[in-house]
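To start, the structure itself, in structure tokens.
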Amino acid sequence: LESEADNRLRTFGFNTLTPPPRENRLLMLLKQVFGGLFNIMLWACVAAELALAVYFGGDDFVTPIVLSIVIVSSGMLQWWTELQAMMMMESLQAMSASPQVRVHRGDPTFVDASALVPGDIISLEAGDKVPADVRIIKCTEGAEVDNAALTGESAPEARQVMPDGPTSPMLEARSMMFLGTTLVKGRIFALVVYTGDSTALGNIAQSINKSRARSSLELQIEHFVHLIAGVAMAVGVLSCLANIFSPQKRSWAHILENSATAFFAQVPEGLLPTDRKSTRLNSSH
């Protein structure tokens with residue numbers, strides 16, 4: 001029996017959730033603040049305004065300061081949204097962590113929950129955390145499980161040996177218990193059905209971990225941003241050339257100011273917050 005368990009462990013892998021790829025939090029923040037075509041456009045406006053104020057004797061420091069605050073605040077908001085997703089994954093990892101469990105491979109013995117394989121028969125008592133997705137094969141009358149960590153149900157749910165109907169959703173099956181939930185009443189013997197990433201909790205973790213599909217709204221806003229960027233750069237360059245070759249001679253400070261103004265005027269003030277908001281709304285779904 002132990003040799004068969006070892007074979008199945010090699011086939012199905014350990015009963016653990018695959019950890020999500022971790023990215024340096026500082027690099028994530030820098031990417032949100034300074035990355036992206038739209039941010040680059042706005043930082044170019046900030047640089048032009050600062051050049052006017054510092055090197056060409058201007059006195060308008062309010063515009064670059066306010067614009068910088070808007071860019072940084074928007075980037076930090078998106079960064080915090082991504083951190084929340086990372087923390088959600090870490091909480092799912094913590095939910096899946098289980099101590100040793102009593103397994104019946106011939107003689108009853110305790111093994112680490114990470115070594116469980118499909119086909120193992122385990123016994124659980126009130127207060128035990130369910131270490132995998134299991135099918136109940138024997139239970140005491142009135143056995144109940146707390147599914148709040150998985151389904152959000154606040155009240156414990158009764159469990160039974162009798163199989164549910166074929167049309168019953170798996171998460172609503174009374175003859176099943178799932179990784180991350182807790183047996184709050186009774187004693188249960190169960191057959192391990194799914195382990196690790198194959199469990200219901202593992203499927204949720206993988207759906208969070210995978211790159212989400214981009215919404216049509218995000219694609220439309222990205223297309224609009226590229227369109228605005230092209231128009232803004234063209235207007236800025238044309239304004240610069242018009243000022244340089246104008247019959248009326250202008251100083252470089254005046255030329256830069258006119259070009260920066262023409263460039264910045266093409267950028268809708270509400271586009272950056274709208275772009276961030278659409279990303280957060282899509283993440284929440």
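The values are calculated or read from the model by the stated rules, or taken from the named source; none is laboratory data. What you are looking at is a predicted structure, and each value in this text was computed from that prediction instead of being measured. Every residue, glycine among them, receives a Cβ derived from its backbone with ideal geometry; neighbour counts consider all protein chains shown. Ligands, DNA and RNA are excluded from the accessible area calculation, which covers all protein heavy atoms including side chains. Shrake-Rupley method; radii C 1.70, N 1.55, O 1.52, S 1.80 Å.
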Wholly inside segment 1-83, helices (runs of 4 or more DSSP H) that include 1 or more residues that are of a type in the set (Gly, Ala, Ser), loosely packed, with under 13 Cβ neighbours inside 10 Å and free of Cβ contacts under 8 Å to residues at least 40 places away in the same chain are 2-12, 37-55
Exactly one of LEU171, LEU201, LEU191, LEU179 is farther than 21 Å from GLN100 by Cα and among the aliphatic types (A, V, I, L, M), and that residue is LEU171
| Right, VAL193: outside any loop (DSSP other than H, G, I, E, B), farther than 30 Å from GLN84 by Cβ and within 34 Å of the chain's Cα centre (by Cα) or not? | yes
Counting only residues that are open to solvent by less than 70 Å² (accessible area, probe 1.4 Å), in a loop (DSSP other than H, G, I, E, B) and not β-branched (Val, Ile, Thr), segment 161-190 contains a total of 10
Of SER68, SER91, the only residue that is at pLDDT below 80 and of a type in the set (Gly, Ala, Ser) is SER91
Considering segment 233-263, residues that are among the small types (Gly, Ala, Ser) and modelled with pLDDT of 80 or more, and then whichever is surrounded by the most Cβ atoms within 10 Å (Cβ to Cβ), we arrive at SER239
All conditions in (1) touching a Gly at 6+ places or on another chain (Cβ under 7 Å); (2) surrounded by 14 or more Cβ atoms within 10 Å (Cβ to Cβ); (3) not polar (S, T, N, Q) are true of GLY142 except (2)
